[in-house]
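Enquirer: Can you keep this structure in mind? I'll have questions shortly.
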Amino acid sequence: MENNAYNDLNSSRRKFIKTTGAAAVGGSFALNFINPQSAWAGINAETLKVGLVGCGGRGTGAANQALKADDNVVITAMADIFPDRLQQSMESLKKGHGKKVQVDEDHQFIGFDAYKKLIASDVDVVLLATPPTFRPDQLTAVVDAGKHVFCEKPMAVDGPGVRKVMEAAQKAKAQKTSLMSGFCWRYHFPKRETFARILDGGVGDIHTIYNTYNTGTLWSKEPQPGWTQMENQMRNWLYYNWISGDHIAEQAVHSLDMMAWALGDEKPVSCVGTGGRQVRTDAKFGNVYDHFAIVYEFEGGKKGYHFSRQQFNCANSYAVEVNGSKGKAIIDCTRNRHEIQADERWRYRGDGNDMYQTEHNELFAAIRKGEPVNDGEYMAQSTMLAIMGRMAAYTGQTITWDEAINSQEKLGPEEYSFEVKYPVTEVAMPGITEFS
């Protein structure tokens, strides 16, 4: 398949990254004005109606931030595959926002097709926070319906999914509806300033980038009586690569996104790496790895070294180090450290911010101003970085960008149902598992 959608999006990369790298963007919007004549995508309205798809912790958090972002926003529809999660989320939002939560019973949608019913309701903005396997189809449906959208990272779990996301992003740009990603560090003031300086040559010509996401183990839920195989996998979605993309995509993609940011979102030529599961070997952990080590090669010999791990009682690290001809930049997410050690030394000493809230502040302000934001290019590429890294580790082979972006491997079943028995594939074995 030709990746024309990627090529079209990539043409505006430099202009876009300069915009997202400017620290001033974060505080430039007035959030409290309401203009009934504001227009976007041919719609005139005063109250913005929000729909939430995926009512877990991150979805509830996104809805909370959306309701705080604008004085005249209400949530009118919610969707999830599990009634208990929807109810818990709704009660939590009601406690914090009262009358801004107006979700009638007939707008509480349950099931794998619930997102379609929500999109068909009279919402203006859709928040997508389901597990990433569902993101491509849901994003496509939202964009096709002409709605504005916030979608959590990552954007897909396989190549076909990324290509679908690229097409949706391109359509959103053409129709002038906003598309914002959950790559939250791009909305963090200290990082905006730091990466803007890197892009302006603060460390000189970049030759290597070291990035990590080494953390502890995560939650798991014990199977309950009456759960089908599909429900157990959905309740423990982190541990099934067809749902999560593995932890390099589901979690560590944040670090890969910062590596990409430092390079102006230049796509790599290829990658090679390793990974496996040494500690998290119980069957309840599905078929994902617990560690990855990937080397990305870029044009001109630049290299990116990525390490991610989910193992307990180990040294943790969540950081990016950008090395160039003039010196290096250090971005430490754990210690909130942002500095450049070069001919001209610099450390960020400005204001911090709640990056999650800033995302929604800027999204809703952009809608009000009729100046849509579109994160489609980098959100798709950063997701692909994680997927190709997983491919390299799973197979033990060197994987080129072109091979990865054009891969025909599609993870997951063709249909979603709690009655469907979707067997857990074997844990990938480098040298045995084949690239497809």
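Enquirer: Treating the Cα atoms of the stretch 173-235 as identical point scatterers in vacuum, please give the log10 of the normalised Debye intensity I(q)/I(0) at q = 0.11, 0.20 Å⁻¹, two decimals.
Expert: Debye output, listed in q order: -0.63, -0.97.
Enquirer: Here's something else I'd like to know. Taking the Cα centre of the chain as origin, sum charge times position over the Cβ atoms of Lys and Arg (+1) and Asp and Glu (-1), and report the length of that vector in debye to the nearest 20. Could you put the intermediate results ahead of the total?
Expert: Values: 47 positive and 53 negative charges, 215 e Å.
It works out to roughly 1040 debye.
Enquirer: Enumerate the amide H contacts of TYR213 below 5 Å, restricted to partners 5 or more residues apart or on another chain; note that Pro and chain-start residues carry no placed amide H.
Expert: PHE307, SER308, ARG309
Enquirer: Ignoring solvent entirely, what values of log10 I(q)/I(0) come out of the Debye formula for the stretch 305-355 at 0.18, 0.23, 0.27 Å⁻¹ when each Cα is a single scatterer?
Expert: The computed values of log10 I(q)/I(0) come out as -0.73, -0.95, -1.08.
Enquirer: For the stretch 74-160, run through the GluC sites (Glu not before Pro) and keep only the ones in DSSP coil with at most 16 other Cβ atoms within 10 Å of their Cβ. Each step should come with its number before you reach the end.
Expert: Working: sites: GLU91, GLU105, GLU152; in loops: GLU152.
Listed in order of number, the matching sites amount to none.
Enquirer: With viscosity set to 1.567 mPa s and temperature to 4 °C, compute the Stokes-Einstein D of the stretch 264-325, Rh being the Kirkwood radius across alpha carbon pairs; µm²/s, no decimals. Mind dumping the intermediate values first?
Expert: Working: Rh = 13.8 Å.
The diffusion coefficient I find is 94 µm²/s.
Enquirer: With a cap of 14 neighbouring Cβ atoms within 10 Å, and only residues DSSP puts in a loop, list the GluC sites (Glu not before Pro) found in the stretch 249-350. Can you show the working numbers first?
Expert: Details: sites: GLU250, GLU266, GLU297, GLU299, GLU321, GLU339, GLU344; in loops: GLU266, GLU344.
For GluC sites (Glu not before Pro) across the stretch 249-350 that sit outside H, G, I, E and B with at most 14 neighbouring Cβ atoms in 10 Å, the list reads GLU344.
Enquirer: Give me a comma-separated list of calculated 3J(HN,Hα) values for the stretch 363-370, in order, Karplus coefficients 6.51, -1.76, 1.60 applied at θ = phi - 60°, integers in Hz, x for any Gly or Pro.
Expert: So the Karplus estimates, Gly and Pro as x, are 4, 6, 5, 5, 5, 4, 7, x Hz.
Enquirer: I've got another one for you. Based on Cα coordinates alone, diagonalise the gyration tensor for the stretch 146-191, multiply each eigenvalue by 5, take square roots, and list the semi-axes in whole Å, largest first. Numbers along the way, then the final one.
Expert: Working: eigenvalues 79, 51, 13 Å².
Semi-axes from the Cα gyration tensor: 20, 16, 8 Å.
Enquirer: Right, next: Non-local amide H neighbours of GLY276 (under 5 Å, H modeled in plane, Pro and chain starts lacking H): which ones?
Expert: HN-HN under 5 Å from GLY276: ASP290, HIS291.
Enquirer: So who's got an amide H within less than 5 Å of the one on VAL269, skipping anything under 5 residues away but keeping other chains? H placed 1.01 Å off N, in plane.
Expert: Placed amide hydrogens put GLU297, PHE298, GLU299 under 5 Å from VAL269.
Enquirer: Taking 8 Å as the Cα distance limit and 6 or more residues as the minimum spacing, I'd like the relative contact order of the chain as a percentage. Each step should come with its number before you reach the end.
Expert: Working: 941 pairs, mean separation 90.8, N = 436.
Relative contact order for the chain comes out at 21 percent.
Enquirer: What percent of all Cα-Cα pairs in the stretch 257-297 falls into each 5 Å bin, going from 0 up to the bin containing the maximum distance?
Expert: P(r) over the stretch 257-297, rounded to whole percents: 6, 19, 18, 16, 14, 13, 10, 4, 0.
Enquirer: In the chain, what percentage of the DSSP-assigned beta bridges are antiparallel, given to the nearest 5?
Expert: Values: 36 of 66 bridges.
Given both bridge residues lie in the chain, the antiparallel proportion sits at roughly 55 percent.
Enquirer: Something else about it: Given Cα positions, please report Rg to Rh for the stretch 327-436, the hydrodynamic radius being the Kirkwood one. Walk me through the numbers on the way to the answer.
Expert: Values: Rg = 21.1 Å, Rh = 19.0 Å.
Rg/Rh: 1.11.
Enquirer: Give me the one-decimal nm value for the distance between modelled label points at LYS99 and ALA315, 7 Å along each residue's Cα-to-Cβ direction.
Expert: Reported label-point gap for LYS99 and ALA315 is 5.7 nm.
Enquirer: What is the P(r) of the stretch 115-173, as percent of Cα-Cα pairs per 10 Å bin from 0?
Expert: Cα pair-distance distribution for the stretch 115-173, in percent: 25, 59, 15, 0.
Enquirer: Read phi for every residue in the stretch 189-194 and hand back ³J(HN,Hα) as whole Hz from Karplus 6.51 cos²θ - 1.76 cosθ + 1.60, θ = phi - 60°, with x for Gly and Pro.
Expert: Residue by residue, the stretch 189-194 yields 3, x, 6, 4, 5, 5 Hz.
Enquirer: Can you find, among TYR239, VAL73, VAL322, the residue sitting farthest towards the positive end of the charge dipole of the chain, where Lys and Arg contribute +1 and Asp and Glu -1 at Cβ?
Expert: So the residue furthest toward the plus end is VAL322.
Enquirer: From zero outward in steps of 20 Å, how is the percent of C-alpha pairs of the chain spread across the bins?
Expert: Over the chain, the share of Cα pairs per 20 Å bin runs 26, 59, 14, 0 percent.
Enquirer: Report the FRET efficiency, 1/(1 + (r/R0)^6), for GLN408 and ASP144, where r is their Cβ-Cβ distance and R0 is 22 Å, rounded to 0.05. Write down the numbers at each step before the final one.
Expert: Working: r = 24 Å, r/R0 = 1.08.
That pair, GLN408 with ASP144, gives E of 0.40.
Enquirer: Which part of the stretch 357-396 falls in the paramagnetic zone of GLU426, meaning amide N under 19 Å from the point 7 Å along Cα-to-beta-carbon?
Expert: Inside the label zone: 391-396.
Enquirer: Could you work out the Rg to Rh ratio of the stretch 171-293, with Rh taken as the Kirkwood radius (inverse of the mean 1/r over all Cα pairs)? Each step should come with its number before you reach the end.
Expert: Values: Rg = 18.6 Å, Rh = 17.5 Å.
Here the Rg-to-Rh quotient is 1.06.
Enquirer: Based only on Cα atoms, what mean projected area does the convex hull of the stretch 37-137 have, in nm²?
Expert: For the Cα atoms of the stretch 37-137, the hull's average projected area reads 6.4 nm².
Enquirer: Treating the beta-carbon of each Lys and Arg as +1 and of each Asp and Glu as -1, no other charges, what is the dipole magnitude of the stretch 328-373 about its Cα centre, to the nearest 20 debye?
Expert: Details: 8 positive and 9 negative charges, 27 e Å.
Roughly 120 debye, rounded to the nearest 20.
Enquirer: While we're here: Given a Förster distance of 35 angstrom, what is the FRET efficiency for GLN175 paired with ASP351, based on the Cβ-Cβ distance and rounded to 0.05? Could the numbers behind the result be given before it?
Expert: Details: r = 35 Å, r/R0 = 1.00.
In this case the efficiency is close to 0.50.
Enquirer: With θ taken as phi - 60° and the coefficients 6.51, -1.76 and 1.60, list the Karplus ³J(HN,Hα) couplings across the stretch 61-66 in order, rounded to whole Hz; mark glycine and proline as x.
Expert: Once θ is set to phi - 60°, the couplings for the stretch 61-66 become x, 4, 5, 4, 5, 5 Hz.
Enquirer: Take the alpha carbon gyration tensor of the stretch 94-251, find the square roots of its eigenvalues, order them as a ≥ b ≥ c, and report rounded if a/c is under 1.5; if not, report prolate when a/b exceeds b/c, else oblate.
Expert: Numbers: a/c = 1.79, a/b = 1.29, b/c = 1.38.
Oblate, because a/c is 1.5 or more while a/b does not exceed b/c.
Enquirer: Calculate the all-directions average of the projected area of the stretch 221-360's alpha-carbon convex hull, and give it in nm².
Expert: Working: hull surface 47.1 nm².
It is 11.8 nm².
Enquirer: Lys/Arg Cβ at +1, Asp/Glu Cβ at -1, dipole of the chain taken about the Cα centre: which of GLY226, ILE331, PHE134 is farthest positive-ward?
Expert: Of GLY226, ILE331, PHE134, it is ILE331.
Any read-out appearing in this document is the output of simple, stated calculations on the displayed coordinates, not a laboratory observation. Computed from a prediction, not measured in an experiment: that's the story for all the values here. No Cβ is skipped: glycine too gets one built from the backbone with ideal geometry, and neighbour counts run over all protein chains shown.
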